[in-house]
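For reference, the structure discussed in these notes is given below.
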Amino acid sequence: MKGSDRPLSEAYDVALLDLDGVVYIGRRPVPAAAEALAKARAAGQRLAFVTNNASRTPSAVAALLGDVGVPADPADVVTSAQAAARLLAERLPAGSEVLVVGGMGLRHALYQQGLRPVSTASGRPAAVVQGYHPELAYGLISEGSQAVSRGALFVGSNGDLTIPGGEGPPHPGNGSLLRVISSATGVEPIITGKPERPLHQESILRTGAERPLVVGDRLDTDIEGAHNGGADSLLVFTGVTDPMQALTAPPDRRPTYLAPDLTGLLAPHPETVRD
């Protein structure tokens, strides 16, 4: 861990913020988040909202942020779907067909990169990209499996095994759903979301950050992703991680700073001392 004699909103030019568990939980605002982010912006820090959720388009994410009191443009949102689409565009000819096992967030991102989203394996698509969608159908997963078996490049937007379940236990996430095609074909997907590097690189590319700060509530995605990208990080305790988990984290999941919530952006952080 490090110390900072200045507020983090002044020490880092861009905050790369996770969403669920940091800014909102489900569709409920996290207390003090909107006010803290408004003050961080007033101090000159730029904000980018970085999410492993590939089901929503940037416009839909920006609208949800507005609903919880955080004004945002679609350009402020960086999704794992966008990272997946960029990776595919770098590896495939323009106009290539990509079978989408997921929702509109993935389709929109592929269109933006000059690729053609399709829904069947009959045309022998060059790649299959899978992202979480709450109404993902078996037929679409089966089409993806057929295409991967025939040699299509297999990409997953993220590998999260679970997603928040509201007031109840967690629900299966995209990482769990990816195992269906992987088990059926024996092919492991390329993962683009946190903690892998593609989403972090997409965030840096889109924001032009020179000194980014990753802000999140999960050790295994946000904080490990910051380590993988060579960036400093702030762990907040408004989501899934509790203090004991933070204290016992392995080296590649240890945050640079700790705070109870996003007000941690607005304060200096003391140097660590050993007692």
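The values are calculated or read from the model by the stated rules, or taken from the named source; none is laboratory data. Given the structure is predicted, the values throughout are model-derived calculations rather than measurements. Here the Cβ is made from the backbone with ideal geometry for all residues, glycine too, and neighbour counts use every protein chain on show. We work out accessible area using only protein heavy atoms, side chains counted, and drop any ligands, DNA or RNA first. Shrake-Rupley method; radii C 1.70, N 1.55, O 1.52, S 1.80 Å.
Which count do you get for residues in the range 141-163 that are in a loop (DSSP other than H, G, I, E, B) and surrounded by fewer than 17 Cβ atoms within 10 Å (Cβ to Cβ)? Qualifying residue count for the region: 3. In the range 200-227, which residue that is in a helix (DSSP H, G or I) and in contact with a Gly (Cβ under 6 Å, 6 or more places away or on another chain) is surrounded by the most Cβ atoms within 10 Å (Cβ to Cβ)? Among residues in the range 200-227 that are in a helix (DSSP H, G or I) and in contact with a Gly (Cβ under 6 Å, 6 or more places away or on another chain), the one surrounded by the most Cβ atoms within 10 Å (Cβ to Cβ) is Asp222.
For the range 251-262, a residue qualifies if it is open to solvent by 60 Å² or more (accessible area, probe 1.4 Å) and either in a loop (DSSP other than H, G, I, E, B) or outside the structural domain of Ile223 (by the TED database) (or both), and the qualifying residues are Arg254, Pro260. On the stretch given as the range 1-23, residues that are modelled with pLDDT of 95 or more, under 20 Å from Val70 (Cβ atoms) and in a strand (DSSP E or B) total 4. Among the criteria (1) more than 19 Å from Ala209 (Cβ to Cβ); (2) not in a loop (DSSP other than H, G, I, E, B), the one Arg56 does not fulfil is (2). Only one residue in Arg41, Arg27 is modelled with pLDDT under 95 and farther than 22 Å from Gly225 by Cβ, so which one is that? From the options Arg41, Arg27, the qualifying one is Arg27.
Taking interchain pairs and intrachain pairs at least six residues apart, which have beta carbon atoms under 6 angstrom, with the first residue in the range 178-200 and within 22 Å of Arg150 (Cβ to Cβ) and the second of a type in the set (Gly, Ala, Ser) and open to solvent by 10 Å² or more (accessible area, probe 1.4 Å)? As it stands, the answer is Ile181/Ser145; Ala184/Ser145; Thr185/Ser145; Thr185/Ser149; Ile191/Gly159, since those pairs meet every condition given.
Residue count for the range 228-250, restricted to those that are touching a residue at least 24 places away in the same chain (Cβ under 8 Å) and either open to solvent by less than 50 Å² (accessible area, probe 1.4 Å) or in a loop (DSSP other than H, G, I, E, B) (or both): 14. Being modelled with pLDDT under 95 and of a type outside the set (Phe, Trp, Tyr) is the filter; apply it to the range 132-157 and report the residue that is farthest from the chain's Cα centre (by Cα). Here the answer is Ala137.
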